[in-house]
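Working notes, beginning with the structure itself.
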Amino acid sequence: MSARQGREWEASSEGGRAGRLRMLAAFEDEGDAAALLAALHHLTAEFGALGGMAHLPVAGIGQAGLRLVASSGLPAAFTRAWDVIPSSGRLAPARVVLDGGTLWLPAVEYPRQEPGRPVAAPPFVAPSAGIAAAALPGPDGPRGALSLITPPLAEPDAADLSFLAEVAAWAAGRLRLSAPRTGGLSPALLSPLEGPAQQRPRLRIGTWSWDMESGDFFVDQRFLAGIGIDWPPGGRMREWATLVHPEDRPYSVHVLVEAIRTRGSYEAEYRVATADRGYAWVRVRGRVDVDEHGEPARLEGTVYDTTEAHAALEPVGRALRHMTDGFLSVDSDWRIEFVNVAAEKLLGSAPSVAGTILWDLPAIRHVPRLEQLCREVVRTGTPLDFDVRWPDDRWYHLRLVPVPGGLTLYSTDITERRLREIERAAAERVAADRSELIGGLTAALAEALTPRDVVDAVAGCVLPQVGAVGLLVATVIDGRLAVTGAVGYPDAMLDALDGRPVGTVHPTVEVMRRRRARFIESRAEFLASYPGTGGLVRTSDKQAWAFLPLRASGREGVCVVSFDRPHTFAKEQRTLLGEVSGLISQALDRAGLYEEAATRARELQSALLPRELPALPAVTAAARYLPAGHGAEVGGDWYDVIRLSADRVALVVGDVMGHGMPEAATMGRLRTAVRTLSELELPPAEILGRLNDIVADLGDDSFVTCLYGVYDPVTHDLRYANAGHPPPAVVRPDHTVDLPVSVPDPPLGTAVPPFDTVTVSLPEGSLLVLCTDGLVESADRDVDAGLARLADTLRTELLRRPAATPNALCEAVTAALVPAGRPVGDDAVLLLARVHHLPPGDVVSWVLPDDPRAAGEARAHVRAQLAAWGLDELSTATELIVSELVGNVIRHAKGPIGLRLLRSRTLICEVSDASLTTPHIRHSSATDEGGRGLQLVAAVAGQWGVRYDEHGKSIWTEQPIAGS
C-alpha cells in the first residue's frame, strides 16, 4: 500500500472491511506483485494473521506445481519451504487451486522435503496456528491462491471467508501477467533492439538450459559474470527464481507455464538481482523439447543483457510524461501502458488509468467512431490524423500511430484555432445567405428541360426574393427579338416585342452591345434615357427594370426583371442579378442541347426497335412502344418477332432497368444477341441462360427482365422461359383471359441457371399478349392490379369488336392503360400475336429403319406425298435432299430416324436422329469419294439448318412453292 493510500485509510471515518475494499478499488496499477502484496497486507491486518502468501501454478518442475510469487509478514526461514509446492495433496493452496472457493484448516500442514517426512513447524510459529486460503478466480478456473497463517484457535466465520474471497477476486482481476515496463514505457514502443547494428545498445549474450525432471538450471558463467550475477555452476531452477525481481515473478511464471503447455517457444524479459544488490534486465528466449512420449522434458535457448536498452528508455519516459501534448500507448489488448500528464487531463481520470482498457474510459466512449478508427489503424498499419470535439467542448487534433504490439495516441489542443475558424464562418454567413438564392435557382434550373421551364424556374426563385413582379427572356434571331417566355407582362406588349428589330429597342441594344447589365430605377429615368420608347413603356405598369445580358447557344439575348414601383438597386443586388443572368444563359444553352438530344434519342430508339413485324403463317402480330416522359433519356424496353424453322415463331419482350444511352445500347446488344441465339434454334431456357451470362459481364448494376417464348403451329404449344418479367396473357376464342400461374425466375444478371420452362396450349385464333411493366405498373397501380386492368380491357374490346385486328387492339389497350396527356414514368411495350394452327393435312411424318434401306423408303414416302399434295415439280429435288440427309444419319449418326414434311408457304423437309453431332459443309477435293452431301442439299434447298431438342437433332430444309 502506498503512503497516499495509507493516509486515505487513516482519514476514513468508516474503516472496516468496506473501507478496505474501497481502498483496494482505488489502488493504482503498479504491477502484479504490488497488487498481490496489497491484498495480503489488507488481509493480514483484517484477520490479525501472522502473514500471508500468494502462489501461481507452474508445470514441468519435477513434482511441483505451485510457485510462491509474493509473501507478506513471513520470514524467509518459513517461506523457503513454500517456494515450490505440489499442485496436488493436502496443502491448503493446492486444494483451493484444485477445488476453487475458500478453505480454513485449524492446523498448518507443512510441505514435505522428502517422502514421508513433513517439515517441522519453525519455532517462531505456534504448532496450533491455522491456515486460510482462497482461490484467485479466472475465466477458465482458479489461476492461483492467497493463503493466511492465522493465530491459534482463530477460526474465521462465514463473513471472514466471504471477505477473503472478495479480496482474492479483486487481486485476480488486477493480475495482468504482462511484461514489466521501464519508466511506464514498453521497450517495444521505441523498438530499441531494431535498426542498424551501430545504433543498437551493446548486448551481452549467453546460453541456458533447464532439465525439467532434475530441476538443474545452467546459465553461461561468462554471461553471468558480465552482468554481475553470482551464480553457482550447479544451481537449480528454484534458486534462479529467487533472483527474479518480486514484481516480475507472476509474469515470468505465467509465460513459462504457457510455453510448457503449448510445447512451443518461450520468451520473457524481466529483472534479476545482481551481486551489488542491484538488478539487471535480461531477455530470455528458448524452446521446449519433448521426450519420446511427447511430454516436456527440457527448455534451452539464449539470454540477452538488455539493461542498456531499458536505461535508454528512462529519459524518454520522463520527456513523454511531461510534454505539453497528450500521449498514451496501449498494448495489443487495448490496455493503457503509458499515459502522460496532458493525456490524463484529457481523459478526465486519475493516474490509475494506466492498465485500464481504453474503451472503459467514459471520455473515450463519448467520442464518435474513435474505437472504430483505432482498430482500423491497427489493422491496416497506417497512421491517421483527424480532429474531434471532446466531451468538454474543446477541440483536439488526434494522431493514431500503430507500433509493434499496440497503438500510440497523440493529442493537441486546437480549440483556439477552431474558434478562429468559427469566427470566419460567421463572417461568411452573410455571403452564404446571398448564395442560398443562387443555390436554389441552380437546383431549379438543373431540372428545367425546355426554355419555358427555364423562365418558370427563374420567376419562381428570383422574383419573390428581390421583390420583382415581371420577368421577360428574349433572344436575337436574324436581328429580331424572339420572346422565349415571360411572366407578369400583358400579351399586347409581348406581341409588340416578338419579332421586333433589335435596333428599335434601345436598352436591349445597349445591354447586348456592351454585355453589361443596365439598371433603370424609375419610369422617368427610362424615358429620359430612351425618349423614343415611350409607347413601349406605357403598355405596361412597370416602374423599374434590370436589363441583364444573355448569351445562349452562341446567340445574344436579354433578361428583363421588372418592378411595379420605383426601385433602388443596391450593390449587393446588382451583383446578385448579374450572377442570375449567367445562370440563365447556361440554362438556356442546356435547354437547347436538351431539345437536340431529345430528337436524337427518339431517332435512336426508333432505330433500335423493329421497323416492322414480319408477316408469318403462324402468327399475326402487332406492337406498340410508348416512350417514358424523360425527354432525352431513351428507355431499355424492346420486343421482337423472329421467324424460326418449321413455321415456328419466337416472341420476345425485354426490359433493361434504367434510362439513358447506356441502357439503350444494352438493349440493342441484347436484341441482337437474341436474334443470333434464335438462329441456333436453342430452347427458351438455354437462350435466357446465354443472355444471363451477357448481362452478368456488363457489371453488378445491370439488371434485365426478359420473356422468350416459341410458338409451334404444329403442336399448338407456346413454350417460354421468364426472367423476372410480367407473365404472358392468353385470350382464348371465347374471350376468356388466362394469366399462366408460374413464379418467374430472377432477372438476368442476378439469376442462376437453369431457367424453368412453361408450356401453354393455344387454341386456334387465340391472342397472345406480352408487355413490359411500364404498361401495367405506375405510381398508383401495382403489377397485379395492372395485369387485371389489362385483362378487363382485352375482354371488353373483344366483346365489343370480336373481329378486331391485333393492330386495332394495340391502339385500344394502350389508350386505356396509358391515357393521352398523362406523364409516363417508364417506357412501355405491348406485343399482341394472334396464333394460327398448321392444318393436320399439311403435316406428315414417318419413322425410318436404322439401316441402308432408310434412304429408299424416304424417297418413296416423299414421292408419294408430294404427288398427293400436287407438288410433283419438287419431287426430284426433295428426293435428293432426303436421300443425302438420311444417308448422313446412317453413316455418321444414330437412330431412330424420323422424316417429316410440312406444307406451308414453303415445303419444309426435316430428317431427325438421336445424335447431337453438328453437320458441317466442307470442301472436298477432286479425289474425295464423299463430303459433298450437304453441298448438294444447300444448292438444291432455298434454306437449311439444324435444330436441337431433348431427343436429338433435326436437319431441316425449305423449298419455295410456286405461287405461294
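Less than 13 Å Cβ to Cβ from residue 172, Lys/Arg counted +1 and Asp/Glu -1: what total charge do the surrounding residues give?
Neighbour charge sum, excluding residue 172 itself: 0.
Quick one: Karplus J couplings for the stretch 276-291, per residue in order, coefficients 6.51, -1.76, 1.60, θ = phi - 60°, nearest Hz, x for Gly and Pro?
Karplus values, whole Hz, x for Gly and Pro: 8, 6, x, 9, 10, 8, 10, 10, 10, 10, x, 9, 7, 9, 10, 8.
Mind listing P(r) for the stretch 717-838? All alpha-carbon pairs, 5 Å bins, whole percents.
2, 10, 21, 22, 19, 14, 8, 3, 1
With charges set only on the Cβ (+1 for Lys and Arg, -1 for Asp and Glu), what does the dipole of the chain come to about its Cα centre, in debye to the nearest 20?
2020
Students often get this wrong: which residues of the stretch 273-295 have the backbone nitrogen under 17 Å from the point 7 angstrom along Cα-to-C-beta of residue 261?
288
What are the lysines whose alpha-carbon lies under 23 Å from the alpha-carbon of residue 542, with same-chain residues fewer than 8 places away excluded?
571
Extending each Cα 7 Å along its Cβ direction at residue 373 and residue 541, get the distance between those two points in nm, one decimal.
In this crude label model, residue 373 to residue 541 measures out at 6.1 nm.
Which order do the peptides 657-668, 207-218 come out in when sorted by mean C-beta neighbours inside 10 angstrom, highest first?
Order by mean packing, descending: 657-668, 207-218.
Show the residues, 5+ positions off or on another chain, whose built amide H is closer than 5 Å to the amide H of residue 634.
Hits under the 5 Å cutoff: 660, 661.
Tally Lys and Arg at +1 and Asp and Glu at -1 over the other residues with C-beta under 12 Å from the C-beta of residue 142: what net charge comes out?
Spelling it out: positives minus negatives among the neighbours equals 0.
Given an 8 Å cut-off on Cα distances and at least 6 residues of separation, report the relative contact order of the stretch 609-835 as a percent.
26
Using 1/(1 + (r/R0)^6) with R0 = 30 angstrom and r between the beta carbons of residue 599 and residue 815, what's the FRET efficiency to the nearest 0.05?
Once the sixth-power term is evaluated, E becomes 0.75.
Where does each of 330-339, 267-276 land if you order them by average Cβ count within 10 Å, highest first?
Top to bottom by mean Cβ count within 10 Å: 330-339, 267-276.
Grab the other residues whose beta carbon is less than 11 angstrom from that of residue 945, score K and R as +1, D and E as -1, and report the net.
Taking every Cβ under 11 Å from that of residue 945, the sum is -2.
Could you sort the peptides 778-790, 297-309, 41-53 by per-residue average Cβ neighbour count (10 Å cutoff), highest mean leading?
Packing proxy ranking, top to bottom: 41-53, 297-309, 778-790.
Relative contact order for the chain: what is it in percent, counting Cα pairs under 8 Å that are at least 6 residues apart?
Answer for the chain is 5 percent.
Taking a ≥ b ≥ c as the square roots of the Cα gyration tensor eigenvalues, with a/c under 1.5 meaning rounded and otherwise prolate when a/b beats b/c, else oblate, which class fits the chain?
oblate
Roughly how many whole Å is it from the C-alpha centroid of the stretch 693-747 to that of the stretch 546-622?
Value for the Cα centre distance between the two parts: 40 Å.
Taking Cα centroids, how far is the stretch 357-377 from the stretch 665-689 in Å?
56
Quick check: Cα centre of the stretch 902-918 to Cα centre of the stretch 469-490, how many Å?
Result: 71 Å between the Cα centres.
Given points 7 Å out from each Cα along the Cα-Cβ axis, report the residue 784 to residue 128 separation in nanometres with one decimal.
Label-label distance for residue 784 and residue 128, simple model: 9.1 nm.
Mind listing which GluC sites (Glu not before Pro) in the stretch 600-650 are in a DSSP loop and have 10 or fewer other Cβ atoms within 10 Å?
Here the sparse-neighbourhood loop sites are 612.
All of the numbers you see were taken from the coordinates with simple rules; none came from a lab. All figures in this text were calculated on a predicted structure; none of them were measured in a lab. Glycine gets a Cβ as well: all are built from the backbone with ideal geometry, and neighbour counts include every protein chain shown.
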